[in-house]
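Participant: Structure below; questions to follow.
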Amino acid sequence: MRSAVAGGTGRIGTLVVERLRARDHEVVSLSRGQGVDLVTGEGLDGALAGIDVVIDVSNPAVADVPTAERVFAAVSENLLAAEARAGVGHHVALSIAGASRVLGNPHYFGKRVQERVVATGPVPYTTVPATQFHDFPAMIADWSTVDGVSHVPPLLLQPIAPEDIAGVLVELAEGEPQGRYADVAGPLTEDAVDMARRTRSARRDARPIRASWQGSALGVEFAGEVLLPGEGARIAPTTFDEWLAAI
């Protein structure tokens, strides 16, 4: 199988590329370093020649809703149009479990647009909604540090190991298109504040963490159970404790 990975140099993309190569697939990384601009579409036609499947794990940074909707739509539209011209038979897109339930956050607006574009596009597809990753709470802490104190809201998560979701994406890319796939989540619910503190401790990072919505990069639209997987979710095996022991 010849695969192309949009966002192949990013955190999840790197793992997906490694998994594909370990399974003896030819892999092309769609990134600016390889002469591809996903937002403008530049370089896509050449990069997708002879490709069987595209896995989109790109994660553009967006600051507001209009930008998010424009950028996520442009990336998916450009990919799908180039895939159709190249005869690509399967488009796999990583999305977020609960994307339809979180209102007010630009990234989630962008993801909803992405899902609509993929579902109505010209290429058979599989959309894979995943819960947040095990390292997400520590990332929130890094984003939300004011005067040396990091603010992490009391989120309820059912996080998944990045390595697990990479494996699921590769597995699904090797199969037939399935439309919208089930939510994919880790095995246990966790508290984000506790996760952030324990991750920092494992990394020997002594910066203090405060449980607080105020000062956090995330708003109260993330409160409650909106980030948990829906019914019938696929449960990946790696617990937060197991992931933490390996970092």
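Participant: Give the range 75-114 a look and list any residue that's touching a helix residue (DSSP H, G or I) at 6+ places or on another chain (Cβ under 9 Å), part of a helix (DSSP H, G or I) and of a type in the set (A, V, I, L, M), or say none.
Facilitator: V75, L79, L80, A81, A82, A86, V113
Participant: Give just the number: which of (1) under 21 Å from G175 (Cα atoms); (2) surrounded by 19 or more Cβ atoms within 10 Å (Cβ to Cβ) does Q158 not satisfy?
Facilitator: (1)
Participant: While we're on this one: Restricting to the range 70-100, give me the number of residues that are small (G, A, S), at pLDDT 95 or above and over 11 Å from A6 (Cβ atoms). If you could, list the steps in order and put the result at the bottom.
Facilitator: Filtering the range 70-100 for residues small (G, A, S) gives 73-74, 76, 81-82, 84, 86-87, 89, 93, 95, 97-100.
Subset that is at pLDDT 95 or above: 73-74, 76, 81-82, 84, 86-87, 89, 93, 95, 97.
Filter once more, so that each one left must be over 11 Å from A6 (Cβ atoms): 73-74, 81, 84, 86-87, 89, 95, 97.
Qualifying residue count for the region: 9.
Participant: Does the range 189-246 hold any residues that are touching a helix residue (DSSP H, G or I) at 6+ places or on another chain (Cβ under 7 Å), free of Cβ contacts under 8 Å to residues at least 60 places away in the same chain and open to solvent by 70 Å² or more (accessible area, probe 1.4 Å), and which are they?
Facilitator: R198, the sole residue that qualifies.
Participant: Of all residues in the range 58-74, which are part of a helix (DSSP H, G or I) and of a type in the set (S, T, N, Q)? Steps first, please.
Facilitator: Of the residues in the range 58-74, the ones part of a helix (DSSP H, G or I) are 65-74.
T67, the sole residue that qualifies.
Participant: Kindly list the number of the only condition in (1) of a type in the set (D, E, K, R); (2) under 19 Å from the mean Cα position of the chain (by Cα); (3) open to solvent by 50 Å² or more (accessible area, probe 1.4 Å) that fails for D56.
Facilitator: D56 satisfies all of (1) of a type in the set (D, E, K, R); (2) under 19 Å from the mean Cα position of the chain (by Cα); (3) open to solvent by 50 Å² or more (accessible area, probe 1.4 Å) except (3).
Participant: Look through the range 74-86, keep the residues that are in contact with a Leu (Cβ under 9 Å, 6 or more places away or on another chain) and within 15 Å of D52 (Cβ to Cβ), and return whichever of them is surrounded by the fewest Cβ atoms within 10 Å (Cβ to Cβ).
Facilitator: R85
Participant: Here is a check on your reading of the model: is P187 modelled with pLDDT of 95 or more and closer than 29 Å to A4 by Cβ?
Facilitator: no
Participant: Hey, among R101, R112, R19, R32, which residue is open to solvent by 10 Å² or more (accessible area, probe 1.4 Å) and more than 17 Å from the chain's Cα centre (by Cα)? Write out each step before concluding.
Facilitator: Working: R101 fails: more than 17 Å from the chain's Cα centre (by Cα); R112 fails: more than 17 Å from the chain's Cα centre (by Cα); R19 fails: more than 17 Å from the chain's Cα centre (by Cα).
Being open to solvent by 10 Å² or more (accessible area, probe 1.4 Å) and more than 17 Å from the chain's Cα centre (by Cα) holds for just one of R101, R112, R19, R32, which is R32.
Participant: Also, I was wondering about something else. With (1) open to solvent by 20 Å² or more (accessible area, probe 1.4 Å); (2) modelled with pLDDT under 95; (3) touching a helix residue (DSSP H, G or I) at 6+ places or on another chain (Cβ under 6 Å); (4) not small (G, A, S) as the list, and V149 as the residue in question, which single condition is left unmet?
Facilitator: For V149, the exception is condition (3).
Participant: Criterion first (in contact with a helix residue (DSSP H, G or I) (Cβ under 8 Å, 6 or more places away or on another chain) and either touching a residue at least 12 places away in the same chain (Cβ under 8 Å) or under 24 Å from A233 (Cα atoms) (or both)) does A119 satisfy it? Spell out the reasoning first.
Facilitator: On the way: in contact with a helix residue (DSSP H, G or I) (Cβ under 8 Å, 6 or more places away or on another chain): no; either touching a residue at least 12 places away in the same chain (Cβ under 8 Å) or under 24 Å from A233 (Cα atoms) (or both): yes.
No.
Participant: Sticking with this structure for a sec: Which of the residues spanning the range 35-51 are open to solvent by less than 30 Å² (accessible area, probe 1.4 Å) and part of a helix (DSSP H, G or I)?
Facilitator: Matches in the range 35-51: L44, A47.
Participant: Does A173 satisfy the criteria of being touching a residue at least 60 places away in the same chain (Cβ under 8 Å) and small (G, A, S)? Walk me through it before giving the result.
Facilitator: Numbers: touching a residue at least 60 places away in the same chain (Cβ under 8 Å): yes; small (G, A, S): yes.
Answer is yes for this residue.
Participant: Now a separate question. Take residues that are over 17 Å from the mean Cα position of the chain (by Cα) and tell me which of the helices (runs of 4 or more DSSP H) falling wholly in the range 132-247 contain 3 or more.
Facilitator: 136-143, 192-202, 240-246
The values are calculated or read from the model by the stated rules, or taken from the named source; none is laboratory data. Given the structure is predicted, the values throughout are model-derived calculations rather than measurements. Methodologically, a virtual Cβ is constructed for each residue, glycine included, from the backbone with ideal geometry; neighbour enumeration extends over all protein chains shown. When the accessible area is computed, the model is the full protein with side chains, heavy atoms only, and any ligands, DNA or RNA have been set aside. Shrake-Rupley method; radii C 1.70, N 1.55, O 1.52, S 1.80 Å.
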